[in-house]
1. Quick check on region A:218-230. Is at least one of its residues within 14 Å of another protein chain (Cβ to nearest Cβ), closer than 19 Å to B:D125 by Cα and surrounded by fewer than 18 Cβ atoms within 10 Å (Cβ to Cβ)?
2. For B:T96, indicate whether it is facing another protein chain (nearest Cβ under 7 Å) and more than 17 Å from the chain's Cα centre (by Cα).
3. Check region B:62-82 and report whether any residue there is within 18 Å of A:M50 (Cβ to Cβ), modelled with pLDDT under 95 and part of a helix (DSSP H, G or I).
4. Sort out which residues of region B:156-201 are buried (at least 18 other Cβ atoms within 10 Å of the Cβ), part of a helix (DSSP H, G or I) and of a type outside the set (V, I, T), and write them in order of number.
5. Within the bounds of region A:190-205, is there any residue that is in the same structural domain as A:R131 (by TED's automatic domain parsing) and under 18 Å from A:L144 (Cβ atoms)?
Amino acid sequence: MIKHHPTSNVLSGFVAGDLPASVAIIVASHVELCRECANHVQQLTEQAAMQAFDMTADDDWLNDQVQLGDTSPQHINDIDHDGIDSNDMELACDSRAMIDAITASPAQVKSAVAQTVTEIEVAGQRISLPRAMKSIGLREWQGLGKLSRARLALDDDELRASLLHIDKGGSVPCHTHKGFEITLLLQGSFDDEMGHYTAGDFIWLDGDHTHQPITQEGCVCLTVSSDAIHFTQGMSQLLNPIGRFIY
Amino acid sequence: MQQTVSKGYPKRESNIIANNIETQVPPELSHWLDSVAMQRDKQAFTALFQFFAPKIRRFGIKQLGSEAQANELVQETMTNVWRKAHLYNVDKGAATTWVYTVMRNASFDMLRRIKAKNEQNLGDDIWPIDMAQDEAQSEESNFGDHLMEKQMLNYVNTLPPAQQAVVKGVYYQELSQEQLAQQLGVPIGTVKSRLRLALAKLKQQMGEQYND
């Protein structure tokens with residue numbers, strides 16, 4: 001049972017295409033696992049589509065764009081019902097040329113074979129990766145004690161996306177985040193001070209949170225973080241250089 | 001062509017409620033998409049183009065910040081509409097929602113190309129446009145039924161009732177053969193032989209299609 005979800009704001013940004021690629025990928029990966037959020041995204045997409053293609057909202061936007069032709073609402077009615085006037089002739093010619101060019105291209109060939117699910121093997125278990133990751137490569141796994149990590153081969157400014165595996169009984173020392181860290185639990189479970197997390201849970205933490213995830217059964221997560229994590233307690237502070245490793 | 005388009009336009013009244021999709025979207029849109037998918041219908045595509053292109057251009061100016069980029073977005077989006085119309089499924093949503101998805105994906109990838117000089121297209125992976133392949137409704141692809149559960153059930157339902165009962169008991173209700181024998185009031189040997197016959201028959205039927 002998934003208990004932790006992206007906020008409505010995050011889902012709206014996702015639908016609008018406004019999130020950075022790695023954040024969009026981790027949100028999409030959650031949505032793929034979560035029917036509730038999938039329904040929400042569907043609704044938000046319908047709304048965004050209505051807004052983008054809304055007939056009633058045309059007026060203000062069009063008036064800003066003089067090159068698009070004369071744009072008073074009355075005038076649009078004229079175009080709709082009486083054909084194209086001279087102002088729009090040029091645009092119409094461009095459109096005609098574009099339509100001709102596009103319709104000269106063939107339909108995409110329907111692939112007869114079903115999309116193969118991308119799987120990886122971690123610690124002897126097969127894990128199917130989110131669809132959103134299917135054309136993104138994984139860099140080599142690097143291990144450190146019970147932690148191992150493989151970066152996604154994704155260029156996204158200062159954001160890093162990784163698969164993180166914590167082996168049975170492993171933990172990440174108590175740490176905070178300078179920036180933000182998003183974790184999507186793909187398999188297994190873990191606990192921290194704030195709760196128990198199971199597959200599908202989407203956890204967004206920022207610098208205000210300190211936590212120490214521990215896993216009994218082991219887990220595999222997709223993570224996106226904006227900055228190195230920072231260890232906060234006793235001896236583990238000696239580990240701060242490895243904060244860069246996990247990030 | 002203008003006529004065809006205009007008859008589908010809703011009334012331009014501000015009191016049209018934004019969340020009522022039925023009243024705002026010309027019903028022809030999905031027919032046009034279908035005609036493009038099925039018949040490569042250029043007329044239908046032209047109608048779609050005339051409805052969507054100005055709106056996509058406007059969206060593009062807002063998202064990408066220039067007229068040239070906006071025109072490229074129109075080209076990119078409408079090309080994908082032409083080439084991938086068969087992925088639209090009228091039962092799963094409005095045509096506008098699908099075209100929005102195609103447009104947003106193209107815009108997302110363009111923005112990444114502009115900002116990060118990144119040629120990798122991710123939009124369609126993040127926001128799938130393949131409604132046909134989504135979930136259970138896909139009759140054409142095996143993806144929605146990759147464990148062949150539905151297809152298996154079809155085969156099972158062709159078995160004689162006595163064999164059906166045994167197969168369903170063992171594989172769907174996960175009863176033991178002993179439990180099943182008790183429930184059906186037959187000796188366990190009968191359950192075993194019915195199961196054996198049923199599986200042989202299923203194997204034969206499936207072998208006709210999946211000969212490997």
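1. No - not one qualifying residue is present in region A:218-230.
2. So B:T96 fails the test.
3. Yes, region B:62-82 contains a residue that is within 18 Å of A:M50 (Cβ to Cβ), modelled with pLDDT under 95 and part of a helix (DSSP H, G or I).
4. Of everything in region B:156-201, those that are buried (at least 18 other Cβ atoms within 10 Å of the Cβ), part of a helix (DSSP H, G or I) and of a type outside the set (V, I, T) turn out to be B:Q163, B:A165, B:G169, B:L180, B:A181, B:R194, B:L195, B:A198.
5. yes
The values are calculated or read from the model by the stated rules, or taken from the named source; none is laboratory data. Note that the structure is a prediction, hence the values are computed from the model and not measured. Heads up, the Cβs are rebuilt from the backbone with ideal geometry, glycines too, and the neighbour counts pull from every protein chain shown.
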